[in-house]
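*Asks:* The structure follows.
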Amino acid sequence: MRIRTALVTARGAPAHERAIRTLMNWNIEVDEAMFLGGLDKASFLREFEPDFFLTTRPAISNPPPADAPSGHVASGVRNV
């Protein structure tokens with residue numbers, strides 16, 4: 001079984017460059033990358049219907065989309 005992976009962030013340019021360079025540096029491939037440029041990520045994810053959702057932000061400030069199992073990645077630049 002192949003796992004489809006997507007990077008979804010509410011950020012836009014120029015933050016997209018850092019994300020893409022980091023993925024390339026770490027030799028990580030994703031099937032899709034969506035940079036929403038400030039649009040509401042939760043609304044997008046409800047339509048996208050991910051099977052699993054990981055975030056670096058606590059669930060209180062960034063609730064996962066309905067019906068999607070989620071996990072908090074406890075590492076990152078800053079988890080506030």
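*Asks:* How far apart, in nanometres, would the label points at Glu29 and Ala13 be if each is projected 7 angstrom from Cα along the Cα-to-Cβ direction?
*Replies:* The two pseudo-label positions are separated by 2.7 nm.
*Asks:* Once phi is turned into ³J(HN,Hα) by the Karplus curve 6.51 cos²θ - 1.76 cosθ + 1.60 with θ = phi - 60°, what whole-Hz value does each residue of the stretch 40-49 show in order, with x for glycine and proline?
*Replies:* Calculated HN-Hα couplings, in order: 5, 5, 4, 4, 4, 5, 4, 6, 5, 6 Hz.
*Asks:* What FRET efficiency, computed as 1/(1 + (r/R0)^6) with R0 = 22 Å and r the Cβ-Cβ distance, is obtained for Ala74 and Phe52, rounded to the nearest 0.05?
*Replies:* 0.85
*Asks:* On to the next question. Can you list residues from other chains, or at least 5 along the same chain, whose modelled amide H is less than 5 Å from the amide H of Leu36?
*Replies:* For Leu36, the qualifying residues are Thr9, Ala10, Arg11.
Each value in this text was obtained by applying a stated rule to the coordinates, not by laboratory testing. Note that this is a predicted model, so its numbers are computed, not measured. We place every Cβ from the backbone using ideal geometry, glycine too, and count neighbours over all the protein chains shown.
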